[in-house]
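First the structure, in the form of structure tokens, and then the observations on it.
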Amino acid sequence: MTDAELDRLAELIARALLDRGEASAPMASRATWLPSPVRPAPSERVAEPPVWSGAAQDLGDVAPTRVRQEPPRFRASTAEMVRATRAAAAGKGPPPDRARREPERRLTRQRAAGAPSVDVHIGVSNRHVHLSASDVQTLFGSASLTPARQLTQPGQFASTESIAVQGPKGRLEGVRIVGPARGETQLEIAASDAAVLGVEAPVAASGNLGNSAGGVTLVGPMGRIELRRGVIVAARHLHLATSDGRRWGFRDGDLLVVRCGTGPRAVTFHDVLVRAGDGHATELHLDADEARAAGVKTGDIAAITAWQSAVVQKRPLVTERDILHLARRGERVPPNAILTPSARDRAVALGILDR
Ligand SMILES: [Zn+2]
């Protein structure tokens, strides 16, 4: 429900209450839900009473009165408020419409020195292919794959079958198939494999094939498939179990900094993507090139040293007083701010609201 709709609803409720009050009986004026407000009558001669005067307070938006007429309004005009506030802000910062807009910053946290490190197991992914059901049929002439062993990620298995991949420059034999079948065939190779094949495969998250490469042929015992797309260098990622995510405060889409290996060839990897949700077992997936560079193998321990949250900071609550401070500093209302009704009015009047 928008603010305008809320205002409209409040007005309708107030009207209904007023109507009922009048209909009940003119004599029973004391039986209404609110006592009649006691206010000094506005002076006829002076247009604007002093601000401390009760008459200067517009009670109409606080509680409706029984008197069905427009309550007298003695607020300064909006135009006058704008002029006064602009005058007060003059000389302090640029005018509001030229104010710089800060981009929303991502929160970066560094593990404090001495804090217990978050350690995870490394799983090295060798080159492999995920096949669609129809491609399994084409390559092997059968409807399903034969599991050889279960992988760490629940439900996934390495199959006994394997294929060859032919590229423009070279060929890879015995490429593993990871089952079960997927919606779209996807070949995940290391950068050095791409060089062997002679294709320019982009680094991409698994399943994100928008920019993926093609131009290779999958060769099975019963058939061949020319891939037009689906060849990627899988982005390094951390599969995260739900319970660990809760414990460590990481969420799907976060980016981690992870230190792998020991000694002179230890490597710190940046932008390690968190993939969380049901059906993930916590494991850091590196490809063969990355693992070799850091001198690590499957089962080794890696340490998460810093992380970036994918979630933007909490939305600030902005009051009317904050709006005045913003205007004085020549700033605009942050685009993600939650505004109180009076703050919204003031921000609109000052022209520093972008909505
Ligand atoms: Zn993975």
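The values are calculated or read from the model by the stated rules, or taken from the named source; none is laboratory data. This structure is a prediction, so every number in the text was calculated from the model and none was measured. Positions of Cβ are generated from backbone atoms using ideal geometry, with glycine treated the same way; all protein chains shown enter the neighbour counts. What goes into the accessible areas is simple: the full protein's heavy atoms, side chains included, and nothing from ligands, DNA or RNA. Shrake-Rupley method; radii C 1.70, N 1.55, O 1.52, S 1.80 Å.
Convert 10 °C to kelvin, take the viscosity as 1.306 mPa s, use the Kirkwood radius over C-alpha pairs of the range 175-269 as Rh, and evaluate the Stokes-Einstein diffusion coefficient in µm²/s, rounded to a whole number.
Answer from the Stokes-Einstein relation: 100 µm²/s.
If you rank 348, 124 by how much accessible surface each has, with a 1.4 Å probe, what is the order from largest down?
348, 124
Can you compute the modelled spin-label distance between residue 306 and residue 119, with each label point 7 Å from Cα toward Cβ, in nm?
The answer from the label model is 2.3 nm.
Between residue 84 and residue 14, what FRET efficiency follows from the Cβ-Cβ distance if R0 is 45 Å, with the result rounded to 0.05?
In this case the efficiency is close to 0.90.
Given a 1.4 Å probe and heavy atoms of the protein chains only, how would you sort 1, 81, largest accessible area at the top?
Accessible-area ranking of 1, 81, largest first: 1, 81.
Apply the Karplus curve 6.51 cos²θ - 1.76 cosθ + 1.60, θ = phi - 60°, to the phi angles in the range 202-212 and return the couplings in whole Hz, x for Gly and Pro.
My calculation for the range 202-212 gives x, 7, 8, 5, 3, x, 9, 9, x, 9, 5 Hz in order.
Starting at the first residue of the range 139-150, write each ³J(HN,Hα) from the Karplus equation 6.51 cos²θ - 1.76 cosθ + 1.60 with θ = phi - 60°, in whole Hz, x for Gly and Pro.
Working through the residues one at a time gives 7, 10, x, 9, 7, 9, 9, 9, x, 9, 7, 6 Hz.
For the range 316-355, what's the relative contact order in percent, using C-alpha pairs closer than 8 Å and at least 6 residues apart?
Computed over the range 316-355, the figure is 50 percent.
Residue 325: accessible area at probe 1.4 Å, nearest 10 Å²?
Using a 1.4 Å probe on the heavy atoms, I get roughly 80 Å².
Roughly how many Å² of residue 172 are accessible to a 1.4 Å probe, to the nearest 10?
Spelled out: residue 172, probe radius 1.4 Å, area about 10 Å².
Report the accessible area of residue 297, computed with a 1.4 Å probe over the heavy atoms of all protein chains in place, in Å² rounded to the nearest 10.
My reading of the accessible area for residue 297 is about 130 Å².
By how many nm would the segment from residue 345 to residue 156 lengthen if fully extended, with 0.36 nm per residue of separation less the alpha-carbon distance?
Gain on extension, residue 345 to residue 156, equals 62.4 nm.
Order 173, 161, most accessible first, counting only protein heavy atoms with a 1.4 angstrom probe.
Sorted by accessible area, descending: 173, 161.
Given H placed on each backbone N at 1.01 Å, which residues far from residue 157 in sequence or on other chains put an amide H within less than 5 Å of it?
Correct list: 151, 179.
On average, how much accessible surface per residue is there in the range 128-240, in Å², for a 1.4 Å probe, leaving out ligands, DNA and RNA?
Per-residue accessible area for the range 128-240 comes out at 45 Å².
How many nm is it between the label spots at residue 321 and residue 219, if each spot is 7 Å from the Cα in line with the beta carbon?
Each label point is offset 7 Å from its Cα along the Cβ direction, giving 7.6 nm.
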